[in-house]
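Q: Sharing a structure below in structure tokens format, with a few things to ask.
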Amino acid sequence: MRSSQVTMCLAAVLIAGLAYPAYAVERRSRPPLLHQRTAVSGYYGLAYPVGEFSDSRAGYGNHESEAPDWAIEIEHFAGRTASIGFSIANATFEDKDDPELETQVSTYSGFVRVVVPTGGPIRPYLRFGMGGVQIEFLDPVSREDSDYEFSVQGGAGLLWLPVRWLGLNAQALYYHGDTDDSVVFSTVDEIVVVGFDTEYWAFSAGISLFFP
């Protein structure tokens, strides 16, 4: 009787030992690359005026063909591939006829970015935003600001993630500001308005830092 009990105990230990590796195997899936992460980004590139903004006719923009453009952004990926964020963008254009006269376009907007999952390190994305825009006219002795007006932008780009915490971006965005009737200053005798809508394409490269 005793030997049979010992035999049964040994058999139970042997079965448990054989079964343990099956239970010991842990399968861990990689955490989503973007989901619930926050990114801070900086962009720099060139802006190219189009439409009324580049038109040299009297009363229109009359601006140079290109200008330095920069943007600072923060966004949070609420979904696996979609983020919501806030952007501050700035481009400073020179007048075609008077290089001392500059037009600074400052845009403050919320945006949505949707990244297309490709399974690889490079992912295309689409983005759309809207907010406010202000025009500032500068010359060596004066500075005149317009009222804030409605602005929209949209475009596409590529996001490359060489490592989990770092992203490299290349994008093209179209900016449109409803600034035609934006008031620069007014007196009892006159009201001065911008006189044209701001329209330009911004082609830029950027760096994103992802947290956590």
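The values are calculated or read from the model by the stated rules, or taken from the named source; none is laboratory data. What you see is a predicted model, and the numbers here were worked out from it, not measured in a lab. Cβ atoms come from the backbone with ideal geometry, glycine included; neighbour counts cover every protein chain shown.
Q: Between a first residue in the stretch 161-178 that is within 17 Å of SER208 (Cβ to Cβ) and a second residue that is modelled with pLDDT under 95 and exposed (fewer than 14 other Cβ atoms within 10 Å of the Cβ), which pairs have beta carbons less than 6 Å apart while being 6 or more apart in sequence or on different chains?
A: Going by the 6 Å Cβ cut-off, the qualifying pairs are LEU161/PRO121.
Q: Right, here's the next one. Output the number of the condition that GLU199 fails; it satisfies all remaining conditions of (1) out of contact with any helix residue (DSSP H, G or I) (no Cβ under 6 Å at 6 or more places or on another chain); (2) touching a residue at least 24 places away in the same chain (Cβ under 8 Å).
A: Answer for GLU199: the failing condition is (1).
Q: Taking PRO68 as the residue in question, decide whether it is surrounded by fewer than 19 Cβ atoms within 10 Å (Cβ to Cβ), more than 20 Å from ASP178 (Cα to Cα) and either β-branched (Val, Ile, Thr) or modelled with pLDDT under 95 (or both).
A: On the way: surrounded by fewer than 19 Cβ atoms within 10 Å (Cβ to Cβ): yes; more than 20 Å from ASP178 (Cα to Cα): yes; either β-branched (Val, Ile, Thr) or modelled with pLDDT under 95 (or both): no.
Answer is no for this residue.
Q: Hey, can you tell me all the residues within the stretch 75-89 that are out of contact with any Ser or Thr (no Cβ under 8 Å at 6 or more places or on another chain) and modelled with pLDDT of 95 or more?
A: Hits for the stretch 75-89 are ALA82, SER83, ILE84, GLY85.
Q: Next up: Go through the stretch 107-159 and give me each residue that's without any contact (Cβ under 8 Å) to a residue 24 or more places away in the chain and farther than 19 Å from TYR175 by Cα.
A: Across the stretch 107-159, the qualifying residues are THR118, GLY119, GLY120, VAL141, SER142, ARG143.
Q: Any residue that is within 23 Å of the chain's Cα centre (by Cα), among the basic types (Lys, Arg) and at pLDDT below 95 - is there at least one of those in the stretch 90-103?
A: Looking through the stretch 90-103, none of the residues is within 23 Å of the chain's Cα centre (by Cα), among the basic types (Lys, Arg) and at pLDDT below 95.
Q: Moving on to the next point. For the stretch 132-191, how many residues meet the condition of being out of contact with any helix residue (DSSP H, G or I) (no Cβ under 8 Å at 6 or more places or on another chain) and either closer than 22 Å to TYR108 by Cα or among the aromatic types (Phe, Trp, Tyr) (or both)?
A: The qualifying residues number 40.
Q: Taking the stretch 151-204, which residues are over 20 Å from SER87 (Cα atoms), surrounded by 15 or more Cβ atoms within 10 Å (Cβ to Cβ) and of a type in the set (A, V, I, L, M, F, W, C)?
A: Matches in the stretch 151-204: LEU161, VAL184, VAL193, VAL194, PHE196.
Q: If we scan the stretch 42-63, do we find a residue that is within 19 Å of the chain's Cα centre (by Cα), modelled with pLDDT of 90 or more and either in a loop (DSSP other than H, G, I, E, B) or among the β-branched types (Val, Ile, Thr) (or both)?
A: Let us first name the residues in the stretch 42-63 that are within 19 Å of the chain's Cα centre (by Cα), namely 42-48.
Still in the list and also modelled with pLDDT of 90 or more: 42-48.
With the extra rule that they be either in a loop (DSSP other than H, G, I, E, B) or among the β-branched types (Val, Ile, Thr) (or both), the set shrinks to none.
Scanning the stretch 42-63 turns up no residue that is within 19 Å of the chain's Cα centre (by Cα), modelled with pLDDT of 90 or more and either in a loop (DSSP other than H, G, I, E, B) or among the β-branched types (Val, Ile, Thr) (or both).
Q: Moving on to the next point. Identify all residues within the stretch 64-103 that are in a loop (DSSP other than H, G, I, E, B), polar (S, T, N, Q) and over 24 Å from GLY119 (Cα atoms); write none if there are none. Break it down stepwise before answering.
A: Narrowing the stretch 64-103 to residues in a loop (DSSP other than H, G, I, E, B): 64-66, 77-81, 96-101.
From the residues that got through so far, the ones that are polar (S, T, N, Q) too are 65, 81.
SER65, the sole residue that qualifies.
Q: So, of the residues in the stretch 123-153 that are in contact with a Leu (Cβ under 6 Å, 6 or more places away or on another chain) and part of a strand (DSSP E or B), which turns out to be farthest from PHE185 (Cα to Cα)?
A: Checking each candidate, the answer is ARG123.
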